[in-house]
Amino acid sequence: MGQINNPNLSKFFCGLLFPSTYDTDEIYKLLESKFKNDIDIKSGIIDFNFTTYYNPEMGDNLKRQWISFKTLLNPDKLADIKVMTNDIEDSLAKDNKRIINIDPGYITPANIILASTKDFSHRIYLAKGIYAEVTTIYKKEGFVKLPWTYPDYLCPAAVDFMIKARQCLLKPK
């Protein structure tokens, strides 16, 4: 019989989606305050032209960015963090429409995990109405696309960010 062990700590991050006019400094400060954790890595801000799914709610000319947090956390915090980010989205909404989408996840040496409120065949229920999905896996050649991987998670800005965050996770303490 295998021994039950605590999981290794993980590198938490958030994917941010917002209108081009949005002041990102506001959300950085808010997330650092709510998570009690400083941002340590930011990707560049890129055009979000991978889908029009969010346009009816958030408008056109959307931007995408990823940020990670300095202090590593136990992966069992993902459901609580997703509930918190949903609450933040709701608190900032205008006329019942989000002005920012905050998708939390975490990085391990082997994969990237994202939280979702939506059930699907490749997602596993965690708690509090939150599911987790392995969005991509890491192999020797880098991050590997899975059938459900969102295209923006394999764009150069995302891959560069994820590699930096993974390297930060792997640094000897």
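Inside region 133-173, residues that are β-branched (Val, Ile, Thr), within 24 Å of Asn74 (Cβ to Cβ), assigned to a strand (DSSP E or B) and without any contact (Cβ under 8 Å) to a residue 24 or more places away in the chain make up a count of 1.
Summed over region 93-113, the residues that are under 18 Å from Tyr54 (Cα atoms), in contact (Cβ under 8 Å) with a residue 12 or more places away in the chain and not acidic (Asp, Glu) give a count of 7. Whether a residue is within 16 Å of Leu126 (Cα to Cα), at pLDDT 95 or above and assigned to a helix (DSSP H, G or I) was assessed, and Asp76 passes this test. Within region 30-73, being charged (D, E, K, R), in contact with a Ser or Thr (Cβ under 9 Å, 6 or more places away or on another chain) and in a helix (DSSP H, G or I) holds for one residue alone: Lys34. Within region 86-120, restricting attention to residues that are assigned to a loop (DSSP other than H, G, I, E, B) and of a type in the set (Val, Ile, Thr), the residue that is farthest from Asp23 (Cα to Cα) is Thr108. When the test is whether a residue is within 20 Å of Phe18 (Cα to Cα), free of Cβ contacts under 8 Å to residues at least 24 places away in the same chain, among the β-branched types (Val, Ile, Thr) and out of contact with any Pro (no Cβ under 6 Å at 6 or more places or on another chain), Val83 does not pass it. Applying the criterion of being in contact (Cβ under 8 Å) with a residue 40 or more places away in the chain and among the charged types (D, E, K, R) to the residues of region 1-41, the residue that is surrounded by the fewest Cβ atoms within 10 Å (Cβ to Cβ) is Lys34.
Ile4 meets the stated requirement of being of a type in the set (A, V, I, L, M), under 23 Å from Tyr106 (Cβ atoms) and not in a helix (DSSP H, G or I).
The values are calculated or read from the model by the stated rules, or taken from the named source; none is laboratory data. This one's a predicted model, so the numbers in the text were calculated from it and none came from an experiment. Cβ atoms come from the backbone with ideal geometry, glycine included; neighbour counts cover every protein chain shown.
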